[in-house]
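Comments concern the structure below.
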Amino acid sequence: MKEVIIRYRWSIIFIASLLWMAWFYGTFDTMNRGPYSRHQWRQTDCLSITSNYSKDSVSFLEPEIHQQNGAKTGKTISELPIVYYTIGKVWSFTGRHYWMYRLSGFLIFVIGLIYLRRTLLRILDDPFWATFTSLFLFASPVIVYFSNNFLMDTFALGLALIGISHLHHYYIKKKYKYLLLGCALFLFAGLLKITSLLLFFGIGGVVLFNFLRRRLSKKDLLTVGVPFVSALLLIFSWLVFVNHYNSKHLSGIFLQGILPIWEISEGSRVEIWKSLWNVLMPEIYNTPTLSFLAGIFILIVVNFKKANQKLLQLAVFVLVQILVFFLLFFQVFDVHEYYLINLILIVPLVIVLGLELLKTHYPAIFNSKKTKLIAGLGLICCIYYAAVHTRIKYDAGNSWVKSSFLFSSEKASFWEYYHYDYKQSLMDLETIEPYLNEIGCTPDKIVVSIPDVSINVSLYLMNRKGFTDYGYSDWVGAKRIEMAKKHGAQFLIINRKQMLEEPYLQKYLTNKVGETEFVTIFQL
């Protein structure tokens, strides 16, 4: 037993550290929590598709959501719905259990980290630095928050990390099965989130670059190129199908095009840049950490001739892709930090480039216990930063989180109000479904749910199809209610008592059929 522990001590340390970090972040506390907190809107979009798949009538290639939005059905699609479909079918037998969804995503991400560590061990041949770099990726607040969430970004990130490990294994062993498996993993990662293909495109760029420099033969190019191009063609075919499907049904729910920087005014660019820098970037790492990573990158640039040339080429291609992505999708960075998740793949790549440079040219620093101690302390600081930034999104009342020096009083107050306000409105909807059944508002009935500017939040929580305040901006007030009635709406569900005073609603409030502490239901 002692020999086994000694042999696998770093693997044991790595797994134990992951579990401790997850516990410290509150990952296990929220494992069975429904959609909540930051980006609840997008969470419920994913869950809405999943929930509808739990019905026998919904086939794999015909996903739908609860929002009707003037269409005859809520049919719409974005990423490959393999996760939604699988969990939905499991729920059709077991009932809705959020831990099944959250845990599946978390496990795929953790397996990705395990494979990342394997890759780094092969490159650096140092268990401490391989372990450190892998854990460092799990110390980013945005990754921590979404690692056990309902969005596909960390699912895709995990698959990409496993995929890059297999492609690196092919680079070393030249066994074709690793190339095929790596491309297949990136195929599914890309079908879930196109941004997870950064490393895949980067490797393709490196291969083509070295072919053009006559460092690879045509045979080598074809060997790698056929599975690469095949994967990309399948992804492109899926995007064509998505566009066709949505054009026939409910389009505009999910982003299918681009939101480039040149299509907005200078003032809007400045405001988005402020949001990106002041709100979104701190969700990646804290400012000192980002500055340190920038320092490593500068060190690499200054010593580019000493750097590992293959890794450097890969980093350049990835950075170019990130720059292009920012230009093409700049408008999403007003609030959508989850678009950054797969871009963070550049972080371990930069760290490895720096460590490999130290290992080759400055081995004393690379192997120094003092260097490793400083790195370990820095990692602990990042873990604490990620923990408080994650926990406050679920519970602002936690004393050691609320009183953290990392938060301004304004930010702490914001999250306190958010949690309070949610309890005064939408929380009732999480458990209201049995009551709705009792009063005749069964799942086959179409409803109007207000106030709710989201696509699916209140509709999903109630498990009812219908209409919210989302979309059709020219249909406001009574006009929206009448539109919904024409499309079959039979119930009006109001989740804020203040709304009962609205003048335009008075004629619709004559037939009250139910009420909870914060929700009132009327028959139209």
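Each row is one residue, and each column tells you yes or no for (1) farther than 23 Å from A387 by Cβ; (2) modelled with pLDDT under 95; (3) of a type in the set (S, T, Y).
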site	(1), (2), (3)
I253	yes, yes, no
G257	yes, yes, no
S265	yes, yes, yes
E271	yes, no, no
I284	no, no, no
T287	no, yes, yes
L290	no, no, no
V301	yes, yes, no
F304	yes, yes, no
- [ ] Select from segment 348-381 the residues that are out of contact with any helix residue (DSSP H, G or I) (no Cβ under 9 Å at 6 or more places or on another chain) and touching a residue at least 40 places away in the same chain (Cβ under 8 Å) and list them in ascending order.
- [x] H361
Task: segment 151-195, subset of a type in the set (S, T, Y) and open to solvent by 30 Å² or more (accessible area, probe 1.4 Å), residue farthest from S140 (Cα to Cα) - done: Y176
TODO: Identify all residues within segment 382-405 that are touching a helix residue (DSSP H, G or I) at 6+ places or on another chain (Cβ under 7 Å) and without any contact (Cβ under 8 Å) to a residue 24 or more places away in the chain; write none if there are none.
DONE: V388, I392, A396, N398, V401, K402, S404
- [ ] Test F128 against the stated conditions and say whether it is open to solvent by 20 Å² or more (accessible area, probe 1.4 Å), more than 23 Å from the chain's Cα centre (by Cα), aromatic (F, W, Y) and under 30 Å from I365 (Cβ atoms).
- [x] yes
- [ ] Could you list, in sequence order, all residues of segment 424-465 that are among the hydrophobic types (A, V, I, L, M, F, W, C), without any contact (Cβ under 8 Å) to a residue 60 or more places away in the chain and more than 16 Å from F522 (Cα to Cα)?
- [x] V453
Task: Options W41, W23; residue that is open to solvent by 20 Å² or more (accessible area, probe 1.4 Å), aromatic (F, W, Y) and more than 22 Å from R464 (Cβ to Cβ) - done: W23
TODO: Considering each residue of segment 292-310, count those that are more than 23 Å from F209 (Cα to Cα), without any contact (Cβ under 8 Å) to a residue 12 or more places away in the chain and open to solvent by 70 Å² or more (accessible area, probe 1.4 Å), and give that number.
DONE: 1
TODO: Scan (1) within 20 Å of W129 (Cα to Cα); (2) crowded, with 19+ Cβ neighbours inside 10 Å; (3) at pLDDT 95 or above; (4) touching a helix residue (DSSP H, G or I) at 6+ places or on another chain (Cβ under 6 Å) for the single condition V318 breaks and write down its number.
DONE: (1)
Open item on the list: So, D444, is that one open to solvent by 70 Å² or more (accessible area, probe 1.4 Å) and under 19 Å from S51 (Cα atoms) or not?
Closed with: yes
- [ ] Go through segment 485-514 and give me each residue that's under 16 Å from P451 (Cα atoms) and free of Cβ contacts under 8 Å to residues at least 40 places away in the same chain.
- [x] K497, Q498, L500, E501, E502, P503, Y504, L505, Q506, Y508, L509
Task: Count - residues of segment 406-421 that are outside any helix (DSSP H, G or I) and of a type in the set (A, V, I, L, M, F, W, C) - done: 2
Open item on the list: Between T119, T154, T131, T86, which is in contact with a His (Cβ under 7 Å, 6 or more places away or on another chain) and either touching a residue at least 24 places away in the same chain (Cβ under 8 Å) or not hydrophobic (A, V, I, L, M, F, W, C) (or both)?
Closed with: T119
Task: Of residues in segment 207-217 being hydrophobic (A, V, I, L, M, F, W, C) and either at pLDDT 95 or above or over 15 Å from L179 (Cα atoms) (or both), the one most open to solvent (accessible area, probe 1.4 Å) - done: L212
Task: segment 422-432 - residue that is assigned to a helix (DSSP H, G or I) and either touching a helix residue (DSSP H, G or I) at 6+ places or on another chain (Cβ under 8 Å) or not polar (S, T, N, Q) (or both) and, of those, most open to solvent (accessible area, probe 1.4 Å) - done: K423
TODO: Please specify each residue of segment 63-77 satisfying the condition of being open to solvent by 40 Å² or more (accessible area, probe 1.4 Å) and farther than 17 Å from V242 by Cβ.
DONE: K72
Task: Scope segment 482-511; condition out of contact with any Leu (no Cβ under 8 Å at 6 or more places or on another chain), surrounded by 14 or more Cβ atoms within 10 Å (Cβ to Cβ) and more than 26 Å from G74 (Cα to Cα); matching residues - done: K497, E502
Task: When residues of segment 388-405 are limited to those that are in a helix (DSSP H, G or I) and hydrophobic (A, V, I, L, M, F, W, C), the one most open to solvent (accessible area, probe 1.4 Å) - done: W400
Open item on the list: Regarding segment 163-176, can at least one residue be identified that is closer than 30 Å to S48 by Cα, in contact (Cβ under 8 Å) with a residue 24 or more places away in the chain and within 17 Å of the chain's Cα centre (by Cα)?
Closed with: no
Open item on the list: I'm trying to understand the selection: among the residues of segment 218-259, which are over 25 Å from C46 (Cα atoms), touching a residue at least 24 places away in the same chain (Cβ under 8 Å) and surrounded by fewer than 15 Cβ atoms within 10 Å (Cβ to Cβ)?
Closed with: S230
Open item on the list: I need a count of the residues in segment 53-62 that are modelled with pLDDT under 95 and open to solvent by less than 20 Å² (accessible area, probe 1.4 Å).
Closed with: 1
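The values are calculated or read from the model by the stated rules, or taken from the named source; none is laboratory data. None of the values given here were measured: they were computed from a predicted structure. Glycine gets a Cβ as well: all are built from the backbone with ideal geometry, and neighbour counts include every protein chain shown. Heavy atoms of the whole protein, side chains included, go into the accessibility calculation; ligands, DNA and RNA do not. Shrake-Rupley method; radii C 1.70, N 1.55, O 1.52, S 1.80 Å.
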